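Enquirer: What follows is a single structure, and I will ask about it in a moment.
The values are calculated or read from the model by the stated rules, or taken from the named source; none is laboratory data. Please read these numbers as outputs of a predicted model, since none were measured by experiment. All Cβ positions, even for glycine, are placed from backbone atoms using ideal geometry, and neighbour counts span all protein chains on display.
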Amino acid sequence: MMKKLIVISAPSGAGKTSVVHYLLNSMSELSFSISACSRSKRENEIDGEDYYFLGVEGFKQKIKANAFLEWEEVYKNQFYGTLKSELERVSDQEKVLIFDVDVVGGLNIKKKYPQECLAIFIMPPSVDALRERLRDRGSESEASLQVRIDNAEKEISRNNEFDIVILNDDFNFACQEIKDAIINFINS
């Protein structure tokens, strides 16, 4: 029998990674699904812990080898995905796998495992708030910032495809709402 899966999705800058870190720190029954990506590692990131940094060619080789549960080219030559090996990695643990993935990836996982998966969408307070959060990161040019905002608007329009939508205008409240939903799902 497939274990239960938790998908956390949101537009870039909506707080999904912060929420996932909170959940991992407060719920011992969760295990983080490490995503793979083609981009370079950021200064504070650790390969094999934050992501599997494969590079563009390495990522494309894994696609050809059918190694992904789901993957997507989010931006030109910027690939993100979940390796099938992540399901195997935690299969012998008594853990619930939690995914921090983009909207398309989250919906693809939900489609493959409709009964076993709780898909949660984190809604930003507004597109302007999202723009400010992304700008505050300091990692985006104005052009790439606009691409992310355009993408975010498309992603927000798909929130109704998720099991639960949580507004992240108060981080602590949003985290508690998500934690409660996960506990209910795990215990159902």
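Enquirer: Can you pull out every residue in region 145-181 that is among the β-branched types (V, I, T) and under 15 Å from the mean Cα position of the chain (by Cα)? Before the answer, list the steps.
Expert: Going residue by residue through region 145-181, those that are among the β-branched types (V, I, T) are 147, 149, 156, 164-166, 178.
Within region 145-181, I156, I164, V165, I166, I178 meet the criteria.
Enquirer: Quick one: would you say K41 is of a type in the set (D, E, K, R), in a loop (DSSP other than H, G, I, E, B) and closer than 19 Å to S91 by Cβ?
Expert: Numbers: of a type in the set (D, E, K, R): yes; in a loop (DSSP other than H, G, I, E, B): yes; closer than 19 Å to S91 by Cβ: no.
It is false that K41 is of a type in the set (D, E, K, R), in a loop (DSSP other than H, G, I, E, B) and closer than 19 Å to S91 by Cβ.
Enquirer: Quickly run through region 18-38 and pick out the residues that are of a type in the set (V, I, T) and part of a helix (DSSP H, G or I).
Expert: The answer is V19, V20.
Enquirer: Let me ask you something else. Is it the case that region 1-17 has a residue that's assigned to a helix (DSSP H, G or I) and modelled with pLDDT under 95? Let's see the steps before the verdict.
Expert: So the first thing to find is which residues in region 1-17 are assigned to a helix (DSSP H, G or I), and the list is 16-17.
Next, only the ones that are modelled with pLDDT under 95 stay: 16-17.
Checked against the condition, which is being assigned to a helix (DSSP H, G or I) and modelled with pLDDT under 95, region 1-17 yields at least one hit.
Enquirer: Another one. Please give the number of the condition D50 fails out of (1) acidic (D, E); (2) touching a Lys or Arg at 6+ places or on another chain (Cβ under 9 Å); (3) under 22 Å from I156 (Cβ atoms).
Expert: Of (1) acidic (D, E); (2) touching a Lys or Arg at 6+ places or on another chain (Cβ under 9 Å); (3) under 22 Å from I156 (Cβ atoms), only one is false for D50: (3).
Enquirer: For region 77-86, which residues satisfy the criterion of being in contact (Cβ under 8 Å) with a residue 24 or more places away in the chain and touching a strand residue (DSSP E or B) at 6+ places or on another chain (Cβ under 7 Å)?
Expert: Passing the criteria: F79, Y80, G81, T82, L83, E86.
Enquirer: Right, Q78: over 18 Å from the mean Cα position of the chain (by Cα), surrounded by fewer than 19 Cβ atoms within 10 Å (Cβ to Cβ) and polar (S, T, N, Q) or not? Steps first, answer last, please.
Expert: Working: over 18 Å from the mean Cα position of the chain (by Cα): no; surrounded by fewer than 19 Cβ atoms within 10 Å (Cβ to Cβ): yes; polar (S, T, N, Q): yes.
It is false that Q78 is over 18 Å from the mean Cα position of the chain (by Cα), surrounded by fewer than 19 Cβ atoms within 10 Å (Cβ to Cβ) and polar (S, T, N, Q).
Enquirer: Can you find a residue in region 96-113 that is farther than 26 Å from Q176 by Cα and in contact (Cβ under 8 Å) with a residue 24 or more places away in the chain?
Expert: Yes: one or more hits.
Enquirer: Only one of these conditions is not met by Y52: (1) in a strand (DSSP E or B); (2) in contact with an Asp or Glu (Cβ under 7 Å, 6 or more places away or on another chain). Which number is it?
Expert: (2)
Enquirer: Another question about this same structure. Look at K41 and say whether it is touching a Phe, Trp or Tyr at 6+ places or on another chain (Cβ under 9 Å) and modelled with pLDDT of 95 or more.
Expert: no
Enquirer: Still on this structure: From the list R133, R148, R137, which residue is in contact with a helix residue (DSSP H, G or I) (Cβ under 8 Å, 6 or more places away or on another chain), under 26 Å from F79 (Cβ atoms) and not β-branched (V, I, T)?
Expert: R148
Enquirer: Next up: Looking at region 1-34, which of the residues that are in contact with a Leu (Cβ under 8 Å, 6 or more places away or on another chain) and small (G, A, S) is nearest to N108 (Cα to Cα)?
Expert: Among them, the one singled out is S9.
Enquirer: Within region 14-36, is even one residue over 12 Å from the mean Cα position of the chain (by Cα), surrounded by fewer than 17 Cβ atoms within 10 Å (Cβ to Cβ) and either farther than 25 Å from S188 by Cβ or small (G, A, S) (or both)?
Expert: Yes, some residue in region 14-36 is over 12 Å from the mean Cα position of the chain (by Cα), surrounded by fewer than 17 Cβ atoms within 10 Å (Cβ to Cβ) and either farther than 25 Å from S188 by Cβ or small (G, A, S) (or both).
Enquirer: How do the helices (runs of 4 or more DSSP H) wholly within region 74-188 filter down when requiring 1 or more residues that are modelled with pLDDT of 90 or more: which remain?
Expert: Those helices (runs of 4 or more DSSP H) span 85-89, 103-112, 142-156, 171-187.
Enquirer: Which members of region 7-30 meet the condition of being farther than 12 Å from N172 by Cα, among the β-branched types (V, I, T) and in contact with a helix residue (DSSP H, G or I) (Cβ under 9 Å, 6 or more places away or on another chain)?
Expert: V7, I8
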